[in-house]
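J.: Questions regarding the structure given below will be posed in turn.
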Amino acid sequence: MKREFPKNPLVGVGGVVIRHNRVLLVRRKREPLKGEWSIPGGLVELGEELAQAARRELKEETGLDVEPLKVIAVIDRIMREERGRSRVRYHFVIVDYACLWKGGRLKPCSDVADARWVRREDLLQYHLTSMASTVIEEAFRFISTRRRPQRIAIRPLAAWKKARGL
């Protein structure tokens, strides 16, 4: 699959893993964004479902086992040639998931130079793209609402019996 100057957009997945108020970030080893910090992920393989691709890519890049919970963003990543030309150098359509950490030990693998858990308040130091920052904030919102206890309406016993004709 030709990533640079492709004939068609390429489909990718990303996984935003939040654990103990920290988010998993990786430093890219290759272009595009070589040397930059970002959300871990990669390309979907032919015949592979999106969620399975997210599980596989995060395992390959970080050594972690994750469970994709919810799609939190679908974005276009289009990068054009420098020098003022309009030719498309990279074009990815990326489906980002909020993911649950299930196990494994964090270690940079595959096309990742570094991987680490980053506190939410330290994210600015990693110079993420504005889109990556937005997606991460959406994942924090999703995870925080997911952990809130559900409210259960408790009826007095008499009302319960009356509702059931007892």
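The values are calculated or read from the model by the stated rules, or taken from the named source; none is laboratory data. Here the structure is a predicted model, which is why all the values come from computation and not from measurement. Using ideal geometry, Cβ is built from the backbone for each residue, glycine included, and neighbour counts are taken over all protein chains shown. When the accessible area is computed, the model is the full protein with side chains, heavy atoms only, and any ligands, DNA or RNA have been set aside. Shrake-Rupley method; radii C 1.70, N 1.55, O 1.52, S 1.80 Å.
J.: For residue 109, all conditions in the list (1) touching a strand residue (DSSP E or B) at 6+ places or on another chain (Cβ under 6 Å); (2) without any contact (Cβ under 8 Å) to a residue 60 or more places away in the chain; (3) open to solvent by less than 40 Å² (accessible area, probe 1.4 Å); (4) not basic (Lys, Arg) hold save one; what is the number of the exception?
T.: Residue 109 satisfies every listed condition except (1).
J.: Now for a separate question. So, in the range 1-58, exactly how many residues are in a loop (DSSP other than H, G, I, E, B) and either in contact with a Ser or Thr (Cβ under 7 Å, 6 or more places away or on another chain) or among the aliphatic types (A, V, I, L, M) (or both)? Even if it seems obvious, please write down each step before you answer.
T.: Of all residues in the range 1-58, those in a loop (DSSP other than H, G, I, E, B) come to 1-9, 20-21, 29-36, 39-40, 44-49.
After this cut, where a residue has to be either in contact with a Ser or Thr (Cβ under 7 Å, 6 or more places away or on another chain) or among the aliphatic types (A, V, I, L, M) (or both) as well, the list is 1, 33, 39-40, 44, 46.
Total meeting the criteria: 6.
J.: Which ones in the range 82-99 are surrounded by 10 or more Cβ atoms within 10 Å (Cβ to Cβ), out of contact with any helix residue (DSSP H, G or I) (no Cβ under 7 Å at 6 or more places or on another chain) and either hydroxyl-bearing (Ser, Thr, Tyr) or at pLDDT below 95 (or both)?
T.: The first filter runs over the range 82-99 and keeps only residues surrounded by 10 or more Cβ atoms within 10 Å (Cβ to Cβ), leaving 88-99.
Retained after the next criterion (residues that are out of contact with any helix residue (DSSP H, G or I) (no Cβ under 7 Å at 6 or more places or on another chain)): 88-94.
88, 89, 90, 91, 92 - these are the residues of the range 82-99 that are surrounded by 10 or more Cβ atoms within 10 Å (Cβ to Cβ), out of contact with any helix residue (DSSP H, G or I) (no Cβ under 7 Å at 6 or more places or on another chain) and either hydroxyl-bearing (Ser, Thr, Tyr) or at pLDDT below 95 (or both).
J.: I've got another one for you. Could you list, in sequence order, the residues of the range 112-124 that are open to solvent by less than 40 Å² (accessible area, probe 1.4 Å), part of a helix (DSSP H, G or I) and touching a residue at least 40 places away in the same chain (Cβ under 8 Å)?
T.: Residue satisfying the conditions is 123 alone.
J.: Report, ordered by the first and then the second residue, all pairs with beta carbons closer than 6 Å, sequence separation of six or more or different chains, a first member in the range 1-12 that is at negative phi, and a second member that is part of a loop (DSSP other than H, G, I, E, B) and open to solvent by less than 70 Å² (accessible area, probe 1.4 Å).
T.: The qualifying pairs are 11/44.
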